[in-house]
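Chemist: Okay, handing you the structure first.
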Amino acid sequence: MLAALWTLALSALCAAEDFVLTVIHTNDLHARIEPTARRDQSFGGYARQATVIRKLRNEHANSVLLNGGDTFQGTLYFNVYEGLADLAFMNYIGYDAMTLGNHEFDKGPAPLERFARLAKFPVLASNLDLSGEPELAKVIQRHTVLEVGGQKVGVIGLLTNDTQNISSPGGGVKFLDQVASVRSSIGELEMQGVNKIVLLTHIGYAEDVAIAKRIPELDVVVGGHSHTLLGEAVEGLQPPGGPYPTLVEGDGGHRTLVVQAGDWGRVVGLLHVTFDEAGRVKSWQGQPIVVDKDVPEDPVAAAMAQAFKKPIEAKANEVVGHTETGLPRDNGPQGENPMGNVIADAMLAATEKAGAVMATMNAGGVRAPIEAGPITYGHAITVQPFGNTLTLLDLSGAELKAVLEHGLANAPEYSGAFLHVSKNVRIEYDPKRPAGDRITKLTISGKAVEPAATYRICTNSFTAGGGDFHDVLKNAKGYRLDTGLLDLDALLDYLKANKPTNRTIEGRIVRVGG
């Protein structure tokens, strides 16, 4: 009898105790099946991630494994498998939930529908109206409830509304107000007795902090999209963008913790959150775990990687060119970079016979650099993975200037809308002048661009359709022709015809007055 009473008392005491939730998270994996190597360093790869994640889950019983989107796009693996290779690893590792990223829509709704249908975890997005895509609506949830250690943890998905401009969701996918969507999900979760809320986002670190300030009911925001490393610096990775976690304090002392885990699986986020019995954040600790060459590979995941690699290995290793200088994509002080310059030159070379007098390439579409040495098919497709086609447009000189001004609106800060230009173009701009009126000199083949003259330009189908908010290109009324020629094929042809392909920053775009 006494033993039974003691057991009941102990149970009551435990019920009133704090609850510790461990959040393990990744984001922006971008089809990096294999480790990412640079010089003598090597990070990531699913086989190493599997080792790290399984160890963490074994050590922390009350854990959830979350992904912040953009599993699609970025390497030859995506072009061949359209996300299903990544999904095999995610299912094996045991993810609990994923939010959509913008790149999940890069090939339209169909590959995403297949991915989400085969996923062994919920795929989330609260701010989508999918009534125009009924098959996709069947497999995408607004939020989910995870049962962890006898507690309910609500997870809400959220992706950037810019997806409609920077990817290809199609007309059947409508984007809703983000804050209203999240608040609606919170209300539904609270009605189910959930008092611990995680917002799983793909909107970027700055936006994560902003939405945490606007919605204090959130306890944790696990992010993606901006590829932000938080916490301490790691040699060989991008500089940290803030503390891990980032604390946002709201009215009434409510605290929200914001985290993100860089990109490409090079780190795995680890956050321990202590909740009181009312579901309020009481304390926390954590840090990203570096996934480097010292981490052993999970043997099952390593075997899976080898199996996926075999069908594409021969094609990926086919040598198509050579570079002695390397082709970095790190933007110089003016904005241009050698990799972007090569792509723009390739686009012009492919369309000059059709009347193009210049070419532009959006910086956000230059997805990787190429290091000095042989250039393979695999390198090229990693640089140009989207399958965009080359599009010819006739613009007035005034329209052309407006297009280039849009690309310079955030200069000298990086912007995906920034336009690299072909070798015959020279631009001078003053960043101190108002956005929209920064270009002080614009020439094509040494001649000043005249506002009333007509110029046939080559761009890709993404920007021609208004991607990265290039509305002038989208709304241009003159001649327009989608050539059907893939940007990748244009690049391959150029690399084959121009050996070695050497570039430096050439002064195509020059900052003045700043």
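The values are calculated or read from the model by the stated rules, or taken from the named source; none is laboratory data. Since we're looking at a predicted model, the values are computed, not measured. Cβ atoms come from the backbone with ideal geometry, glycine included; neighbour counts cover every protein chain shown.
Chemist: Mind listing whichever residues of segment 217-232 are surrounded by fewer than 24 Cβ atoms within 10 Å (Cβ to Cβ) and at pLDDT below 95?
Modeler: Across segment 217-232, the qualifying residues are SER226, HIS227.
Chemist: Now for a different question. With respect to SER283, is the statement that it is over 21 Å from the mean Cα position of the chain (by Cα), among the polar types (S, T, N, Q) and within 18 Å of ALA97 (Cα to Cα) true?
Modeler: So SER283 fails the test.
Chemist: What is the number of the single condition among (1) in a loop (DSSP other than H, G, I, E, B); (2) under 25 Å from SER445 (Cα atoms); (3) among the hydrophobic types (A, V, I, L, M, F, W, C) that ALA368 does not meet?
Modeler: It fails just one condition, (2).
Chemist: Against the conditions (1) in contact with a strand residue (DSSP E or B) (Cβ under 6 Å, 6 or more places away or on another chain); (2) part of a helix (DSSP H, G or I); (3) at negative phi, where does ASP468 fall short? Just the number, please.
Modeler: (3)
Chemist: In addition: Just one of LEU247, LEU257 is part of a strand (DSSP E or B), surrounded by fewer than 19 Cβ atoms within 10 Å (Cβ to Cβ) and either touching a Ser or Thr at 6+ places or on another chain (Cβ under 9 Å) or in the same structural domain as LYS55 (by TED's automatic domain parsing) (or both); which is it?
Modeler: Of the residues listed, the single one that is part of a strand (DSSP E or B), surrounded by fewer than 19 Cβ atoms within 10 Å (Cβ to Cβ) and either touching a Ser or Thr at 6+ places or on another chain (Cβ under 9 Å) or in the same structural domain as LYS55 (by TED's automatic domain parsing) (or both) is LEU247.
Chemist: Within segment 419-466, track down each residue that is buried (at least 17 other Cβ atoms within 10 Å of the Cβ), of a type in the set (A, V, I, L, M, F, W, C) and either free of Cβ contacts under 8 Å to residues at least 60 places away in the same chain or in contact with a Leu (Cβ under 7 Å, 6 or more places away or on another chain) (or both).
Modeler: Passing the criteria: LEU419, ILE427, ILE439, LEU442, VAL449, ILE457, CYS458, ALA464.
Chemist: Here's another thing I want to ask about it. Does at least one position in segment 352-359 carry a residue that is touching a residue at least 40 places away in the same chain (Cβ under 8 Å), more than 26 Å from the chain's Cα centre (by Cα), surrounded by 15 or more Cβ atoms within 10 Å (Cβ to Cβ) and not in a strand (DSSP E or B)?
Modeler: Looking through segment 352-359, at least one residue is touching a residue at least 40 places away in the same chain (Cβ under 8 Å), more than 26 Å from the chain's Cα centre (by Cα), surrounded by 15 or more Cβ atoms within 10 Å (Cβ to Cβ) and not in a strand (DSSP E or B).
Yes or no, residue by residue, for (1) outside the structural domain of ILE166 (by TED's automatic domain parsing); (2) within 17 Å of ALA363 (Cβ to Cβ); (3) part of a helix (DSSP H, G or I):
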{"residue": "LEU404", "(1), (2), (3)": "yes, yes, yes"}
{"residue": "ALA417", "(1), (2), (3)": "yes, yes, no"}
{"residue": "ASP437", "(1), (2), (3)": "yes, no, no"}
{"residue": "THR443", "(1), (2), (3)": "yes, no, no"}
{"residue": "THR459", "(1), (2), (3)": "yes, yes, no"}
{"residue": "GLY484", "(1), (2), (3)": "yes, no, no"}
{"residue": "ASP493", "(1), (2), (3)": "yes, no, yes"}
{"residue": "THR504", "(1), (2), (3)": "yes, no, no"}
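Residues are listed down the side, and each one gets a yes or a no for (1) over 20 Å from the mean Cα position of the chain (by Cα); (2) part of a strand (DSSP E or B); (3) of a type in the set (D, E, K, R); (4) closer than 24 Å to HIS25 by Cα:
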residue: GLY154; (1), (2), (3), (4): yes, yes, no, yes
residue: GLN164; (1), (2), (3), (4): no, no, no, no
residue: SER168; (1), (2), (3), (4): no, no, no, no
residue: LEU189; (1), (2), (3), (4): yes, no, no, yes
residue: ASN195; (1), (2), (3), (4): yes, no, no, yes
residue: ALA212; (1), (2), (3), (4): yes, no, no, yes
residue: SER226; (1), (2), (3), (4): no, no, no, yes
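Chemist: Within segment 190-199, is even one residue surrounded by fewer than 22 Cβ atoms within 10 Å (Cβ to Cβ) and at pLDDT below 95?
Modeler: Checked segment 190-199: no residue is surrounded by fewer than 22 Cβ atoms within 10 Å (Cβ to Cβ) and at pLDDT below 95.
Chemist: What number goes with the only condition from (1) part of a loop (DSSP other than H, G, I, E, B); (2) small (Gly, Ala, Ser); (3) under 18 Å from LEU271 (Cβ atoms) that GLY236 does not pass?
Modeler: Only one criterion is unmet by GLY236, namely (3).
Chemist: Step by step: first the residues of segment 147-164, then only those that are crowded, with 20+ Cβ neighbours inside 10 Å and not β-branched (Val, Ile, Thr), then the one that is farthest from ALA417 (Cα to Cα). Which residue is that?
Modeler: Applying the filter and picking the extreme gives GLY154.
Chemist: Further, regarding this structure: Which condition from (1) buried (at least 22 other Cβ atoms within 10 Å of the Cβ); (2) assigned by TED's automatic domain parsing to the domain that holds VAL148; (3) aliphatic (A, V, I, L, M); (4) not in a strand (DSSP E or B) is the one that VAL342 breaks?
Modeler: Condition not satisfied by VAL342: (2).
Chemist: Now a separate question. Restricting to segment 198-211, and then to whatever is of a type in the set (A, V, I, L, M, F, W, C) and in contact (Cβ under 8 Å) with a residue 60 or more places away in the chain, can you tell me which residue is farthest from LEU124 (Cα to Cα)?
Modeler: Only one residue fits best here, namely VAL198.
Chemist: Let me ask another. Out of everything in segment 266-317 that is acidic (Asp, Glu) and without any contact (Cβ under 8 Å) to a residue 60 or more places away in the chain, what residue ends up being surrounded by the fewest Cβ atoms within 10 Å (Cβ to Cβ)?
Modeler: Ranking the qualifying residues of segment 266-317, first place goes to ASP294.
Chemist: Restricting attention to segment 471-482, which residues are surrounded by fewer than 14 Cβ atoms within 10 Å (Cβ to Cβ) and outside any helix (DSSP H, G or I)?
Modeler: Of everything in segment 471-482, those that are surrounded by fewer than 14 Cβ atoms within 10 Å (Cβ to Cβ) and outside any helix (DSSP H, G or I) turn out to be LYS477, GLY478, TYR479, ARG480.
Chemist: Looking at segment 126-167 only, could you name the residues that are among the small types (Gly, Ala, Ser) and on the phi < 0 side of the Ramachandran plot?
Modeler: Those that are among the small types (Gly, Ala, Ser) and on the phi < 0 side of the Ramachandran plot: SER126, SER131, GLY132, ALA137, GLY154, GLY157, SER167.
Chemist: Moving to a separate point now. Out of curiosity, is GLN178 out of contact with any helix residue (DSSP H, G or I) (no Cβ under 8 Å at 6 or more places or on another chain), assigned by TED's automatic domain parsing to the domain that holds THR274 and polar (S, T, N, Q)?
Modeler: No: the conditions fail for GLN178.
Chemist: Still on this model: List the strands (runs of 3 or more DSSP E) inside segment 19-114, counting only whole elements, that have at least 3 residues being under 24 Å from LEU199 (Cβ atoms).
Modeler: Filter on segment 19-114 gives 19-26, 63-67, 97-99.
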